[in-house]
1. Stretch A76-W20 to full length: gain in nm at 0.36 nm per residue minus the Cα-Cα span?
2. Ranked highest first by the average count of other Cβ atoms within 10 Å around their residues, in what order do 55-63, 103-111 fall?
3. Find how much the distance from L92 to L109 grows on full extension, using 0.36 nm per residue of separation minus their present alpha carbon separation; answer in nm with one decimal.
4. What is the magnitude of the charge dipole of the chain about its Cα centre, with +1 placed on the Cβ of each Lys and Arg, -1 on the Cβ of each Asp and Glu, and no other charges, expressed in debye to the nearest 20?
5. Take K13, K82 and order them by how many other Cβ atoms sit within 10 Å, fewest up front.
6. Apply the a/c threshold of 1.5 to the C-alpha gyration tensor of the chain and tell me whether it is rounded, prolate or oblate.
7. I need to check one value: relative contact order of the chain, counting alpha carbon pairs closer than 8 Å and at least 6 residues apart, in percent.
Amino acid sequence: MNTTNTTQAGQGKSYNGLLWAAVILLAAAGVVGNIYFAELSLLYRAVALVVVAAAALGLWLQTTMGVRFRTLYHGARIELRKVVWPTRQETLQSSLVVLLVVAVISLALWLFDSLFAWLISLLVGV
């Protein structure tokens, strides 16, 4: 992780604390506003909540944790581009093998269960 990005975004604990306070206040304002304006149309309240949530998210992305999250997200996207995905045929063959193994193991477990149940019934005398 690049430490210069973290230091630039969160220029100190007090700045980071102010950002977190603003995020919490925006979230609380969204909840209280939704309750206070309950008589308004659901559409208006939903739009207002989306705007407040977007503002809170924008502020959160400026915090130290938000900068670390963005760094992680960008790194994950770069790694995701490097993934070699299986072809349709490879996926189908792998799925069939898995289904076959599950069926065989299930049958074996059922047979062992039946055998043990029969043996126990012979021992108990039922």
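1. Details: separation 56, 0.36 × 56 = 20.16 nm, distance 2.52 nm.
Result: 17.6 nm gained on full extension.
2. Values: 55-63: 16.3, 103-111: 10.0.
Most protected by this proxy first, the peptides run 55-63, 103-111.
3. On the way: separation 17, 0.36 × 17 = 6.12 nm, distance 2.57 nm.
Length gained between L92 and L109: 3.6 nm.
4. Details: 8 positive and 4 negative charges, 114 e Å.
With only Lys, Arg, Asp and Glu charged at Cβ, the dipole is about 540 debye.
5. Details: K13 9, K82 6.
Placing the least packed residue first, the sequence is K82, K13.
6. Values: a/c = 2.89, a/b = 1.99, b/c = 1.45.
Prolate is the answer for the chain, as a/c is 1.5 or above and a/b outweighs b/c.
7. Working: 50 pairs, mean separation 35.9, N = 126.
The value is 28 percent.
Read-outs throughout are calculated quantities, based only on the coordinates presented, and are distinct from any laboratory measurement. A quick note: this is a predicted structure, and the numbers were derived from the prediction, not measured. All Cβ positions, glycine included, derive from the backbone under ideal geometry; neighbour counts span all protein chains shown.
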